[in-house]
Amino acid sequence: MTIETLLLAGIETLKEYLALHVLMCLVPAFFLAGAIASLFSKESVLRYFGADAPKYISYSVASVSGVLLAVCSCTVLPLFAGIYRRGAGIGPASTFLFSAPAINLLAIVYTAQILGFEIGAARAVAAVGMSIVTGLVMATVFRSEDRAKSRMISAAGESEINPLHQTALFVLLLAILVLGGVIGTWLWRGLIIGPLVLLTIYVSRKWFDDEQIHDWLYETWDLTKKIFPLLLVGVFFAGIIIELVPADLVVRFVGGNSIRSNLIASVAAALMYFATLTEVPIIDSLTRLGMGPGPVLAMLLAGPALSLPNMIVISRVMGVRKASVYITITVIMATIAGFVAGNTIWR
């Protein structure tokens, strides 16, 4: 395999990513994240995701908030960065970071249809449980830093913005993001999403002053320039990794249901890049080559939650130490979930 072949594989993966995800996924996600970071009330974020919020509220909301979001491990990053900047505790924020791409409704239904109801149900239950455990561990490990951050954010001032306007803007931006991932044809995207975009521009000009809109655009651009270049680098190298590691070699090591096979499946999935829903047909093809059901579940859990570009960016957002702990927890939990399910459900 020549260097030219590897470079072409990386470029092709990058071109596919840009064509499929930038306009309808990342652009709305960055604008929504910028709005969260600048226009949305800190109190509303802290009420549900703050370090001092009741755990049964913060982790419940964070673990299921991705059900309607058709986002992948990369599209979720600006949303995570937005709520984390706004004051979300590291625990609930990590729960959201894991759960949003792992349990979106489309992915769960599609998994059940293609891979079977048992695997679809196991994926949904395990993803919610893993996201909560991951968040609780992160909150425990970094408790002191979380409290210091919470005190600093609480002491900061905040401009008055009508909560109804915040909510309406959030709904509009969220609708654009979700519909962009659900609607497959450009004609219907233009007919449905186009008016929503125009309405969003109109109400933004009507409800928010020039300074608030400037802050929103600044936060959007700031997140974009910090995250997007790293995503491109990560996607490029993910394409090279996939080319270097052929599927038949992966299947050779994940055909059974040992701890090793589940760990290999988790690590391999974490290094790959799965666009929204694409993990299902890819894993389906691996099952036809002999991949065991335990490693299938491990890959379904680790793959959407992690990817090479995802890991690069979260290291920038939350720091290398926190990102390392988060990545390690995710891989270990996916390995355990696959091993346990493989020895109980599919024994």
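Which of the residues spanning the stretch 76-135 are in contact with a Phe, Trp or Tyr (Cβ under 8 Å, 6 or more places away or on another chain) and in a loop (DSSP other than H, G, I, E, B)?
Hits for the stretch 76-135 are GLY87, ALA88, GLY89.
Which residues, counting only those in the stretch 303-333, are crowded, with 22+ Cβ neighbours inside 10 Å and not in a helix (DSSP H, G or I)?
Across the stretch 303-333, the qualifying residues are LEU306, SER307.
Of ARG288, ARG189, ARG260, which residue is among the charged types (D, E, K, R) and modelled with pLDDT under 75? If you could, list the steps in order and put the result at the bottom.
Numbers: ARG189 fails: modelled with pLDDT under 75; ARG260 fails: modelled with pLDDT under 75.
Result: ARG288 is the single residue among ARG288, ARG189, ARG260 that is among the charged types (D, E, K, R) and modelled with pLDDT under 75.
Quick one: what pairs do we get from the stretch 89-100, first residue open to solvent by less than 10 Å² (accessible area, probe 1.4 Å), second of a type in the set (Asp, Glu), C-beta under 8 Å, 6+ apart or different chains?
Here the result reads GLY89/ASP52; GLY89/ASP146; ILE90/GLU145; ILE90/ASP146; GLY91/ASP146, each pair linking the stretch 89-100 to a residue that is of a type in the set (Asp, Glu).
Of all residues in the stretch 313-347, count the ones that are of a type in the set (Gly, Ala, Ser) and within 16 Å of LEU301 (Cβ to Cβ). Walk me through it before giving the result.
Keep residues of the stretch 313-347 that are of a type in the set (Gly, Ala, Ser), which gives 315, 319, 323-324, 334, 337-338, 341-342.
Remaining after also requiring within 16 Å of LEU301 (Cβ to Cβ): 334, 337-338, 341-342.
So the answer is 5.
Name the single residue, out of those in the stretch 300-336 being of a type in the set (A, V, I, L, M, F, W, C) and in contact with a Gly (Cβ under 8 Å, 6 or more places away or on another chain), that is nearest to ILE264 (Cα to Cα).
Here the residue is LEU301.
Residue by residue, here is whether (1) in a helix (DSSP H, G or I); (2) among the polar types (S, T, N, Q); (3) more than 27 Å from the chain's Cα centre (by Cα); (4) under 14 Å from LEU39 (Cα atoms) holds:
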residue	(1), (2), (3), (4)
GLN166	yes, yes, no, yes
VAL171	yes, no, no, yes
LEU177	yes, no, no, no
GLY180	yes, no, no, no
ARG189	yes, no, no, no
ILE192	yes, no, no, no
VAL197	yes, no, no, no
GLN212	yes, yes, yes, yes
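Yes or no, residue by residue, for (1) open to solvent by 80 Å² or more (accessible area, probe 1.4 Å); (2) touching a Leu at 6+ places or on another chain (Cβ under 6 Å); (3) in contact (Cβ under 8 Å) with a residue 40 or more places away in the chain:
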| site | (1), (2), (3) |
| --- | --- |
| LEU6 | no, no, yes |
| LEU14 | no, no, yes |
| TYR17 | no, no, yes |
| VAL22 | no, no, no |
| LEU26 | no, no, yes |
| ALA33 | no, yes, yes |
| ALA37 | no, no, yes |
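It is to be established whether one or more residues within the stretch 282-291 are surrounded by 14 or more Cβ atoms within 10 Å (Cβ to Cβ) and in a loop (DSSP other than H, G, I, E, B).
Scanning the stretch 282-291 turns up at least one residue that is surrounded by 14 or more Cβ atoms within 10 Å (Cβ to Cβ) and in a loop (DSSP other than H, G, I, E, B).
The values are calculated or read from the model by the stated rules, or taken from the named source; none is laboratory data. Because the structure is a prediction, the values reported are computed rather than measured. So basically every Cβ, Gly included, is an ideal-geometry build from the backbone, and we count neighbours across all protein chains shown. Surface areas here come from the heavy atoms of the whole protein model, side chains and all, with no ligands, DNA or RNA. Shrake-Rupley method; radii C 1.70, N 1.55, O 1.52, S 1.80 Å.
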